[in-house]
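In what follows, a single structure is set out as structure tokens and then discussed.
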Amino acid sequence: MTFNRSIKIAPSILSADFANFGMECQAIEAQGCDWVHVDVMDGHFVPNLTFGPATCAAIRPHIKGVMDVHLMISPVDAYIDAYAKAGADVITAHLEAGPHIHRSLQAIRGAGAKAGLALNPGTGIEAVQHLLDMVDLVCVMTVNPGFGGQKFIHSQVEKVRALRAMIGDRPIHIEIDGGVTVDTAPLVAAAGADVLVAGSAVFKGGSVQNPAPYGDNIRAIRAAAEAAV
Ligand code: DX5
Ligand code: ZN
């Protein structure tokens, strides 16, 4: 994974057909996405359940590019190795998931993955200052994590702008997760985000049998974001 700040579209397979993950991953990559975003939920840190490392390992061969694993789980440390072995390129843990985020980020890099740090909408960026040399990505949640298809929380745009200023020239991605559409992508791109996660806005209207709408949706979000940079 080489670092750059160009706009990257990362469809969340939370909005894919759960009976067809492999083909869905192939379809979104063929339709022009950059990363594949995998939302891991434990029914404890967030009020929803998705999938574990075995599912990640099963879909890995169907992804040519970056597998971006978002852990919405607590505790997190005991599972980091399993997701790294499953082939995650990026593993993101939440600041709010426990008292030892510093240790979790160390463990992620120690397992050979890029380290991501996610912040819930109610969390400030102050702690990031002390973790800047340990993170490859900061994920700003623009919905409360747990479900796809929620409304974008506009107060987070200012947070992205402040985070972008804090990061300066460091090779750290800013990822946006939740409620990204053609209307909200320009706001966060202009504020300094480069990785845009989008679930419902990418998968709407398409299917593995009819994947062309995925491409239309990806191109529309990318164009809206790039026009704002
Ligand atoms: C929310 C997840 C997101 C979500 C995005 O808890 O982390 O990745 O699936 O879905 P949309 O784009 O539909 O808001
Ligand atoms: Zn996510």
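The values are calculated or read from the model by the stated rules, or taken from the named source; none is laboratory data. Note that this is a predicted model, so its numbers are computed, not measured. So basically every Cβ, Gly included, is an ideal-geometry build from the backbone, and we count neighbours across all protein chains shown. Note: accessible area is taken over every heavy atom of the protein model, side chains too, but ligands, DNA and RNA are not part of it. Shrake-Rupley method; radii C 1.70, N 1.55, O 1.52, S 1.80 Å.
Observations on the model:
- Every residue from segment 180-213 that is among the small types (Gly, Ala, Ser) and more than 26 Å from residue 105 (Cα to Cα): 185, 190, 200, 201, 205, 206, 207, 212
- Some residue of segment 126-145 being open to solvent by 20 Å² or more (accessible area, probe 1.4 Å), within 14 Å of ligand 2 (Cβ to nearest atom) and either among the aliphatic types (A, V, I, L, M) or without any contact (Cβ under 8 Å) to a residue 40 or more places away in the chain (or both): yes
- Within segment 1-30, if we keep just the residues that are small (Gly, Ala, Ser) and assigned to a helix (DSSP H, G or I), the residue that is nearest to ligand 1 (Cβ to nearest atom) turns out to be 15.
- Exactly one residue out of 107, 111, 118 is under 19 Å from residue 1 (Cβ atoms), touching a helix residue (DSSP H, G or I) at 6+ places or on another chain (Cβ under 8 Å) and within 16 Å of ligand 2 (Cβ to nearest atom): that is 118.
- When residues of segment 146-159 are limited to those that are polar (S, T, N, Q) and either closer than 24 Å to residue 41 by Cα or within 8 Å of ligand 1 (Cβ to nearest atom) (or both), the one surrounded by the fewest Cβ atoms within 10 Å (Cβ to Cβ): 150
- In segment 166-185, the residues that are farther than 19 Å from residue 131 by Cα and among the hydroxyl-bearing types (Ser, Thr, Tyr) form Cβ pairs under 7 Å with partners that are at pLDDT 95 or above and open to solvent by 10 Å² or more (accessible area, probe 1.4 Å), at six or more places apart or across chains, as follows: 181/201; 184/152.
- Tally of residues being open to solvent by 30 Å² or more (accessible area, probe 1.4 Å) and either assigned to a loop (DSSP other than H, G, I, E, B) or among the acidic types (Asp, Glu) (or both) across segment 160-202: 6
- Scanning segment 31-55 for residues that are open to solvent by 10 Å² or more (accessible area, probe 1.4 Å) and in a loop (DSSP other than H, G, I, E, B) yields 31, 32, 33, 34, 43, 44, 45, 47, 48, 50, 51, 52.
- Residue check, residue 98 within 16 Å of the chain's Cα centre (by Cα) and more than 16 Å from ligand 2 (Cβ to nearest atom): no
- Near pairs, Cβ below 7 angstrom, 6+ apart or cross-chain, from segment 6-27 (more than 25 Å from residue 186 (Cα to Cα)) to any residue that is modelled with pLDDT of 95 or more and among the small types (Gly, Ala, Ser): 17/207; 24/16
- Tally, over segment 186-222, of residues that are more than 16 Å from ligand 1 (Cβ to nearest atom), among the aliphatic types (A, V, I, L, M) and in contact (Cβ under 8 Å) with a residue 40 or more places away in the chain: 2
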